[in-house]
1. If Lys and Arg each add +1 and Asp and Glu each add -1, what is the summed charge of the other residues whose beta carbon sits under 9 Å from the beta carbon of F118?
2. Might you report the magnitude of the Cβ-based charge dipole of segment 65-214 about its Cα centre, with Lys and Arg at +1 and Asp and Glu at -1, to the nearest 20 debye?
3. Using the charge dipole of segment 54-116 (Lys, Arg: +1 at Cβ; Asp, Glu: -1 at Cβ; taken about the Cα centre), state which of M104, L80, I93 has its Cα farthest towards the positive end.
4. Just to check, using Stokes-Einstein with a Kirkwood Rh over alpha carbon pairs, what's the diffusion coefficient of segment 90-148 at 4 °C and 1.567 mPa s in µm²/s?
5. Collect residues whose amide H, placed 1.01 Å from N in the peptide plane, falls under 5 Å from the amide H of R167; neighbours closer than 5 in sequence don't count.
6. Using Cα pairs closer than 8 Å and at least 6 residues apart in sequence, work out the relative contact order for segment 82-208, in percent.
7. Give the calculated FRET efficiency between R192 and V61 to the nearest 0.05, with a Förster radius of 35 Å applied to their Cβ-Cβ distance.
8. Would you pull out the residues with amide H under 5 Å of R121's amide H, same chain only if 5 or more places away, H placed 1.01 Å from N?
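Read-outs: derived from the displayed coordinates by stated rules, not from any lab. Note that the coordinates shown come from a computational prediction; the quantities given were computed from them, not determined experimentally. Heads up, the Cβs are rebuilt from the backbone with ideal geometry, glycines too, and the neighbour counts pull from every protein chain shown.
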Amino acid sequence: MKKVSDFISHTTFKSKMSRKINNINEKLRAINKLAKNLGLQSLMVPPRQILPIRETDSIVVSSEVVGRDSDVEVIKRKMLNIREDVVLCTIPIVGMGGLGKTTMAKRIFNDEQILKHFEKRVWLCLPEMSEIKSFIQLILESLTKRKVEVQSRDIIVKTLQDELAGRKYLIVLDDFWRVDSTLWDEFVNTLRGIHTSRGNFILVTTRMNRWRPQ
């Protein structure tokens, strides 16, 4: 985990690039204004197509399983030997894209010991948490394999409580890019409140180098 967590954050780079892009945009606006004053017509360029959000699944492809055995074992050991007083623990797998974070999470998610230890498992791939109700709804839908029709957060939370019913669970949040700390704290506290049995885990793969585990 330390090897994965030690990669340099891209925050400074992104900040510098943001300033450079803003400067470029200012220059382009000035050029555009000058062109209009000169009576020149602007060249219309088709907008770039927005790429779809990357979505993953929990299926392990044999060709992907190469190396990282020691890292996988470290995480498994923590999950299987958590202190008895811990209700819910978050483990982040942090690093740049292409380092095999998702493959590690898949291996852990599908490991035989993990399958026996956690009665309930959920795999979600979402880039950000913008509000809590939809997140809880997706967890419930993953567990029941049914579309949730109700709109009330209270009903969704209570239904999830009934579905978990004292069973140990593992939730994987793959390729998590952005989350507000206040929302995250509320989300975790909701899970702790509806399920007080010990030894549950959230496994997060993320590029956020400053991720704050719970």
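1. Residues near F118 contribute +4 overall.
2. Dipole of segment 65-214, to the nearest 20 debye: 260 debye.
3. I93
4. Once the numbers are plugged in, D ends up at 97 µm²/s.
5. none
6. Over segment 82-208, the number comes to 45 percent.
7. My answer for the efficiency is 0.55.
8. HN-HN under 5 Å from R121: L170.
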